[in-house]
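Laboratory data are not the source of any read-out in this text; all were calculated from the coordinates shown. Source: prediction; values computed, not measured. Here Cβ is always computed from backbone atoms with ideal geometry, including for glycine, and neighbour counts include all displayed protein chains.
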Amino acid sequence: MEYKSIVWPKPADDIIRYSALVYQKGLVSAAGGNVSARLGGDMLITGSNVPLRAVTYEGLVLCDAEGHVKRAAQGLKPSKETRFHLDVYRLRPEINYIIHAHPTYSVLWTLQKKPLPLYTESAKLKLGEVPIVPDRAPGSTELADVVAETAANASADTRAFLMEGHGILVMGKTMEECFDQAELLEDTAKIAFLQQLACLR
């Protein structure tokens, strides 16, 4: 069946719209980052090397719960981070959307290997504790394992994680909630970083 004739579910439209917003807001560059949505027992995820600024239906891959491809444009592979997306959905049945991005201030903060201070009331209310996923090679089994371990050990209401030297992982029941977490996390990291610089003067 041609992609143009497929009737896509709403989560596909959500991924396309918010992938572009993630890029427009400077939360990712080039072909980095990945966005996914739970689809019943399956998962839709952006394809490997598909820039988030240009995601279309043809740039999405449908996988089953084991990561096996059920639908994809010819030659397109799912994101190399597919496994940790699947692990998070397995651990958090209430979660429907995940964004993994590489925002600058969040990455800078992780290099200090210390907890992110929550200076604003919004951060205290909506982020809470932000666990840090230890550094592992992108796309590796080891990274998927530490993401799953960190998510499993976090409190049930944790929706945002920093990834050491790598970026952020945020999740939500809706795509809007997921994106809001991404923006707030990056703003919080920016405030913390600039506050630290101000204290050094």
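If R0 is 30 Å, what FRET efficiency do you get for S29 and E94 from their C-beta distance, rounded to 0.05?
Once the sixth-power term is evaluated, E becomes 0.45.
Hey, for a label at W8 modelled as a point 7 Å past Cα toward Cβ, could you say which residues of region 71-88 have their backbone N under 16 Å away?
71-74, 76-79
Under 13 Å between alpha carbons, and skipping anything fewer than 8 positions from K173 in its own chain: which aspartates and glutamates qualify?
Candidates past the 8-residue exclusion: D14, E94, D157.
Filter the trypsin sites (Lys or Arg not before Pro) in region 159-196 to those in DSSP coil with at most 11 other Cβ atoms within 10 Å of their Cβ, and list the result.
Those that pass, being in a loop and sparsely packed, number zero.
Can you list the aspartates and glutamates whose alpha carbon is less than 18 Å from that of K114, not counting same-chain residues fewer than 8 positions off?
E129, D135, E164, E186, D187
Between S155 and S140, what is 0.36 nm times their sequence separation minus the Cα-Cα distance? Round to one decimal in nm.
2.9 nm
What is the Cα coordinate range of the chain on the first, second and third principal axes, sorted by size from largest, in whole angstrom?
62, 32, 29 Å, listed from the longest principal axis down.
Trypsin sites (Lys or Arg not before Pro) within region 33-129: which are DSSP loop residues with at most 16 other Cβ atoms inside 10 Å?
Qualifying residues, ordered by number: K80, K113.
Looking at region 32-134, which chymotrypsin sites (Phe, Trp or Tyr not before Pro) are in a loop (DSSP not H, G, I, E or B) and have at most 14 other Cβ atoms within 10 Å?
Here the sparse-neighbourhood loop sites are Y119.
Please go through the residue pairs K77/K190; K25/K126; K25/K77; K10/K190 and name each one whose alpha carbons sit more than 24 Å apart in this structure.
K77/K190; K25/K77; K10/K190
Considering Cα pairs under 8 angstrom that are at least six residues apart, work out the relative contact order of region 1-132 and quote it in whole percent.
Dividing the mean separation by the residue count of region 1-132 yields 22 percent.
In whole Hz, what ³J(HN,Hα) sequence does region 51-63 give by Karplus (6.51, -1.76, 1.60; θ = phi - 60°), x for Gly and Pro?
x, 5, 5, 10, 6, 10, 4, 5, x, 9, 10, 9, 10
Could I have the simple spin-label model distance between D64 and L111, label points 7 Å from Cα toward Cβ, reported in nm to one decimal?
4.4
Report the longest stretch of the chain that contains none of the GluC sites (Glu not before Pro) sitting in a DSSP loop with at most 11 other Cβ atoms within 10 Å.
With GluC sites (Glu not before Pro) excluded where exposed in loops, the chain gives 95-201 as its longest stretch.
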